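No lab work stands behind these numbers, since they all come straight from the coordinates. These numbers come from a predicted model, not from an experiment. Methodologically, a virtual Cβ is constructed for each residue, glycine included, from the backbone with ideal geometry; neighbour enumeration extends over all protein chains shown.
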């Protein structure tokens, strides 16, 4: 134990001496209503590192049973024990932000990061006070060094102050303990922490400043006097050791209410507001612009996001046209199209989530630890999915109406419906519900991309795993297609429709009508059939294609372009080469699932479902079918939970697979 204490002391001393910074562009400073460095006015473009030191429930999919970090820690401790839990959280933090993450953030165009802090990484609470911890400084020193190498400013943001500054998970508030506002000890600890941080980084130019309290939200007396008093006290603590760095001050009620926080109490001070789920017209920021004018201090949008790409683009354009720096929320979380980076969820972690939700039995310690470690490993950027549409909406779309291909759509071939162009609503696409303003969702499916276009998971063969759905009359999608050779093309579209009656108009870049697809009922929203559009002459080169939904009521997965020879015969290189039966999706299921199969030639096909005793419980297909890929919806609402089997027989082919019904 003594050796461990000595080692901790050495580490603490070492981490107090940062590696000398690379050639900096100077400390950020306040010059009137501008934030500047040695090169003059700087437009701060930042990303918040939420979820690293302080996970929130929605970021790791635990909102239903563990929304706050302390609740998450209890859940993990319960399944693997404290020692293994510490090992998991260490790996979690190690993989969440690495050197590659910072390099990628810089490559995208960000010049700042907002580093979320939890006081527990710096202070160990004791009955008679607290001891300092090195954990937080080690993490921060590494981050600052990596950011310095990439010329990125680090703005320190106290997200979880001692006791919590709001009654929410975002401050890791525990209602059984006194809040920040209910305890003089908590206030004193907060002042001590900021003094320690300021003393540690007082000579570091790549520290952009101190965001001293994230989103305070408490029913305070008129004029927010306790908030102002605490801000002044924290500022005095900082200024006793650091007279250089910027102080960022947020209003009460989630950085929106600045009543009583004027006049400013520091010459190097910036007012920071947050903006979510409201309109992006000039009126939405008028109170903050008035605050800037009356105080002669800069503004900073310290947090915004969690909306659609169109909302992102409009908000950033509004900020930049008004000389307001911004920091987006948030960089990385599990299974999301809204953040820059989406972390893949593994099935073992999903089992843990179901256990914590009370749906399945408790796993063994070994199983739980393996699933946690595997999920922590997936936090590494190399295993994550980047969301290019989000980046495009933040850095290109605010300044141009031009469209940009989302994917290389080669003709002849299959153009996935989800790979429409990147751009604004009414240009790259038209969707009736394309952003969240005043509540509501902008995307019913919530998958793959972050536009208004509604995308969901599907299992149709060759669909890429997703389909466009929830279509409405008058909506449309635009595609950039790369035609490899001039000629006549036979065009088909793959759709599913419960009631039929849909119509899709195909238009080329000159607005000429190239054909209409009439969509009949297919038997369900995930029962897929191919519909013929017609023949379209296309010259080699890049073309624009628009799909206009004249009559809605269908889902779609892809458009198939096949060459046609001189006598009008379709040359379809995508006809299946072999018989195949796919695993049903989803599986387990309740009460419906989709079964895909393919036949390479005209055949008499039978698709049946049996129980474990071998008794037939459903006959899904019994007919002669031409070569092609097929999708069948199987509803088991009349059956009880259990294991079943389905078989496909066609020509000399026969195959059986297992499916599980869980009610």
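What shape does the stretch 372-412 take by its C-alpha gyration tensor, where a ≥ b ≥ c are the square roots of the eigenvalues and a/c under 1.5 counts as rounded, a/b above b/c as prolate, and the rest as oblate?
Details: a/c = 6.10, a/b = 1.76, b/c = 3.47.
Because a/c hits 1.5 or more and a/b fails to exceed b/c, the stretch 372-412 counts as oblate.
With helices as the sole contributors, the chain gives -7500 deg cm²/dmol at 222 nm; each DSSP H run of n ≥ 4 counts as -39500 (n - 2.57), and the sum is divided by every residue.
In the stretch 403-569, the convex hull through the Cα atoms has an average projected area of 9.3 nm², a quarter of its surface area. Cα extents for the stretch 146-195 along the principal axes, largest to smallest and rounded to whole angstrom: 43, 24, 11. A prolate overall shape is assigned to the stretch 187-317, the ratio a/c of its alpha-carbon gyration tensor axes (a ≥ b ≥ c) being 1.5 or greater and a/b exceeding b/c. The convex hull of the Cα atoms of the stretch 613-656, projected and averaged over all directions, covers 4.1 nm². Taking a ≥ b ≥ c as the square roots of the Cα gyration tensor eigenvalues, with a/c under 1.5 meaning rounded and otherwise prolate when a/b beats b/c, else oblate, which class fits the stretch 23-130? Because a/c hits 1.5 or more and a/b exceeds b/c, the stretch 23-130 counts as prolate. Can you grab the distance from the C-alpha centre of the stretch 268-335 to the C-alpha centre of the stretch 613-639, Å, no decimals? Taking the Cα centre of the stretch 613-639 as reference, the centre of the stretch 268-335 is 54 Å away.
Compare the peptides 125-134, 540-549, 651-660 by average per-residue count of other Cβ atoms within 10 angstrom and give them in order, highest first.
Details: 125-134: 11.9, 540-549: 17.3, 651-660: 13.6.
So the peptides 125-134, 540-549, 651-660, ranked by packing, come out 540-549, 651-660, 125-134.
Among 107-117, 619-629, the peptide with the highest mean count of other Cβ atoms within 10 Å heads the list, and the full ranking is 107-117, 619-629. From zero outward in steps of 20 Å, how is the percent of C-alpha pairs of the chain spread across the bins? Bin by bin from 0 Å, the calculated values are 16, 43, 29, 11, 0. Between the stretch 174-205 and the stretch 92-162, the alpha-carbon centres lie 16 Å apart. Distance from the Cα centroid of the stretch 587-610 to that of the stretch 482-560 is 25 Å (rounded to whole angstrom). Only alpha carbons enter this Debye calculation for the stretch 356-467, each as an equal point scatterer, and the log10 of I(q)/I(0) it gives at q = 0.12, 0.22, 0.24 Å⁻¹ is -0.63, -1.26, -1.36.
Highest mean packing first, where packing is the average number of other Cβ atoms within 10 Å per residue, the peptides 149-162, 172-185, 407-420 line up as 149-162, 407-420, 172-185. A viscosity of 1.002 mPa s and a temperature of 20 °C, combined with the Kirkwood radius over Cα pairs in Stokes-Einstein, give a translational diffusion coefficient for the stretch 580-661 of 167 µm²/s.
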